[in-house]
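Here the structure comes first, spelled out in structure tokens, and everything after it is commentary.
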Amino acid sequence: MRYINLLPLAAALSTAIVVPDDATAQELGLEVGKSENAPKALWDSLRSVSEAAFDFVDKKAHRFVDHVDSLFDADDAYDVFGIPRPGHGHGPSNLTIYQAIQSANFTKKFAALVNDFPDIVDLLNSTETNVTVFIPFDKAFEKIPEHGHKPPKEFLEKILEYHVLPGLYPAGRVLASHTLPTALKDPALAGRPQRLRVGLGLFGLKINFFSKIIAADFFAKNGVAHGVDHLLLPPPPAPRLISLFPSKFSTLELAVVKSGLLPHHDHEHHDKDGKDDDDHHKPHPHHFHTTGLTIFAPTNDAFAKLGPAANAFLFNTEKGLGFLRALLKYHIVVNQTLYSDAYYGLEGHSEDIFPHSVPGDEDGDSDKGPGHNGHFHIDLPTLLDGKNLSIDIARFYSLINIRINGYGKVAIEDGIALDGVVQAVSSVIFPPRKGKSEASWTAEDGEIPVEELIDILAPYVEEEGEDKKTGSEDQAWGEL
């Protein structure tokens, strides 16, 4: 792959990524590299630059997306897959995706897995519609620990569906995307597609933070295939996802438990004999209480910005726990899932906020071009008495910037979850002051005095009345 010369520009145009702590990374099988400071979002810098500077950045972005093919050598895909090229040029192979993975040198294990599922075989062999497949090479299967038993067939089918995208997604279109819809559909999302997260960093183009694309753009008769170095596993529920990153969200987890939104429990599943339940893939019944979810999850640093006095009040006093509960509920939206580039609304509604396309990508709807850069606004009702979060999403080529209530920022986008998405925020978000026009506290104001915190949240705490004691709908987190 020839992309070394483009790495500085690619890094400048990439979205923010998080490198978890070493223990968590090893548990998840992540590649651990040196931690790099995430580049500042280009959109922020554009707010204050002159038109001349904007024009310069615009030209650089055009040059970047016009040369996305340089990030991957298309010929390499045929070499790596071990399939002869179709004559001169870069035309598609005469093989279907299914036929290609059966004959390729490095996809034998994935091919054997596919053969156990006739519906998947038909999907990858049909020429009635295009599909895109992320194919884990045989070495990816060597990274799976030996458990002495085969996972349930239902779960294996979900894994396969999670590697397949309906439609054509060449490398340029993948690179220009933030999330991608898969063939896996789940009741927890009202039957809408589970999605994959795309992130470009200094270590390459990765799917769901850890699986790197190592071969791109093998064009077949009915679609395109990309090789990846890890299996793509369907995501866990949002609370479980958050628990996997204690270095980022341990304070949030503590807040959820102490405030009563979730009774303290471990994440192990046990059978009737008290032993570990091997079939841990079975969904917990609470997954189906919602049809989508968006959690704006404050990081540990976000809570630290409140200051020691405010945190002591919220976490260590009986009165403060009610305020902490109200504050957390303002960060949770149920039955609506807002990704950075897609929206799953009520009653099964779904839409792409920004179409997946790059200039010159003939297979990726290039007629839409960069004109779909722009702005998307939506008001999302939270669990705090339906009080809304005002969300603005701005796109500039592959860059996306998410603002909350005009000031809050999403620091880490699109933590894909079984039942929705986790958007990590760098500051705790406060609801508007009741009956007042001025804005609530923001992180730019410095540490928040306890008196001001009480002034902002007291009306919402009072409205909750005895709900916390009765535990009616307030086991919100536990129902997710």
* Asked: Compactness ratio of the stretch 168-256: Cα Rg over 2.2 N^0.38 Å, N = residue count?
  -> 1.28
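The stretch 127-173: which chymotrypsin sites (Phe, Trp or Tyr not before Pro) are DSSP loop and have at most 12 other beta-carbon atoms within 10 angstrom?
Details: sites: F134, F137, F141, F155, Y162; in loops: F137.
Here no loop site has a sparse enough neighbourhood.
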* Structure fact -> The residues V461, V421, V256, sorted from fewest to most surrounding Cβ atoms within 10 Å, come out as V461, V256, V421
* To do: Apply the Karplus parameterisation 6.51 cos²θ - 1.76 cosθ + 1.60, with θ equal to phi minus 60°, to every residue of the stretch 169-186 and state each ³J(HN,Hα) to the nearest whole Hz, in sequence, with x for glycine and proline.
  => 10, x, 4, x, 6, 4, 4, 7, 9, 10, 9, 9, x, 9, 7, 7, 10, 9
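Relative to the present Cα-Cα distance, how much length would full extension add between D119 and F203 at 0.36 nm per residue of separation? Spell out each step's value before the answer.
Details: separation 84, 0.36 × 84 = 30.24 nm, distance 3.51 nm.
Between D119 and F203, full extension yields an extra 26.7 nm.
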* To do: Along Cα→Cβ, 7 Å out, is where each label goes; now give me the distance between the ones at D455 and R433 in nm to one decimal.
  => 0.5 nm
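Subtracting the Cα-Cα distance from 0.36 nm times the residue separation, let me have the gained length for D385 to E142 in nm, one decimal. Walk me through the numbers on the way to the answer.
Values: separation 243, 0.36 × 243 = 87.48 nm, distance 4.94 nm.
Contour length minus Cα-Cα distance gives 82.5 nm.
Sorted from fewest to most neighbouring beta carbons within 10 Å, what does the list H331, H349 look like? All intermediate terms of the calculation are to be shown ahead of the outcome.
On the way: H331 22, H349 11.
The fewest-first ordering by Cβ neighbours comes to H349, H331.
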* To do: Arrange the following residues from fewest to most other Cβ atoms within 10 Å of their Cβ: D229, D119, D217.
  => D119, D229, D217
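At a Förster radius of 30 Å, what calculated FRET efficiency corresponds to the Cβ-Cβ distance of S126 and K150, to the nearest 0.05? It would help to have the intermediate numbers written out before the result.
Values: r = 27 Å, r/R0 = 0.91.
Step by step, r from the Cβ atoms, then E = 0.65.
No lab work stands behind these numbers, since they all come straight from the coordinates. Since the structure is predicted, the reported quantities are computational estimates derived from the model, not experimental observations. Every residue, glycine as well, gets a Cβ built from its backbone with ideal geometry; the counts of neighbours run over all protein chains shown.
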